[in-house]
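Read-outs: derived from the displayed coordinates by stated rules, not from any lab. These figures come from a predicted structure and were not determined experimentally. Here Cβ is always computed from backbone atoms with ideal geometry, including for glycine, and neighbour counts include all displayed protein chains.
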Amino acid sequence: MSSESFVQQAAKDGSLTKEQDFLSLLRNHPFFEGLNSAYLVILADCGEFIHYKSGENIFRQGDPSSKFYAILRGKAILQMPTVGRGQMSIEGLGDGTILGWSWLLPPYKKQFDAYALEDTDCIAIDGACIREKCEADPTFGYELLKRFAAVMGERLQATRRKLLDSQGER
């Protein structure tokens, strides 16, 4: 059974069991590719399955950032409020992407708004739990930091492109 069909089924009947199924889903998620199995167990222990309906708010800029999301199936969009223009869409995120990095650095506040563009299944991973595990195992912490630095760089570039595009519209 593919990850997508498993996630769809789990969303319908609530059969997602954390131990084996979270490990399988995390192991097949591109962000965690090549990560040590012991680290996948840590992530699974700090995670929970969440389903967002199309149009549902995932988080808002300025909210406390207590978790990040491994998107398994669906689509979400990152937006930021702008003066006089309403919401500016920054980046669309889909299957196999990561949503949220602000859990990693103080003051642990969300930097964007995020909404589900369609029904979206995620594993939400508790940031405080992971920070504690990273402190206890600096090698694990460094491995995650490298991966999240890439996510932060991608978000910075997406924001930069959108801001440059918006200046060209004037």
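The table below lists the values:
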{"read-out": "Sequence of K109, K146, K133, K67 once ranked by neighbouring C-beta atoms within 10 Å, starting from the fewest", "value": "K146, K109, K133, K67"}
{"read-out": "Cβ-based exposure ranking for T120, T97, in which fewest neighbours within 10 Å come first", "value": "T97, T120"}
{"read-out": "On Cα atoms only, tilt of 127-136 relative to the major axis of the chain in degrees", "value": "60 degrees"}
{"read-out": "Per principal axis, descending, Cα span of the chain in whole Å", "value": "52, 38, 25"}
{"read-out": "Residues listed by number, the range 67-87, amide nitrogen under 13 Å from E48 label point at 7 Å toward C-beta", "value": "67-68"}
{"read-out": "Inter-label distance, nm, simple model (7 Å from Cα along the C-beta direction), N28/A128", "value": "3.2 nm"}
{"read-out": "Length-normalised contact order of the range 58-169 in % [C-alpha pairs under 8 Å, at least 6 apart]", "value": "32 percent"}
{"read-out": "In degrees, nearest ten, helix 3-13 long axis to first principal axis of the chain (Cα)", "value": "80 degrees"}
{"read-out": "Exposure proxy ranking, count of Cβ atoms within 10 Å, fewest first, for I123, I42", "value": "I42, I123"}
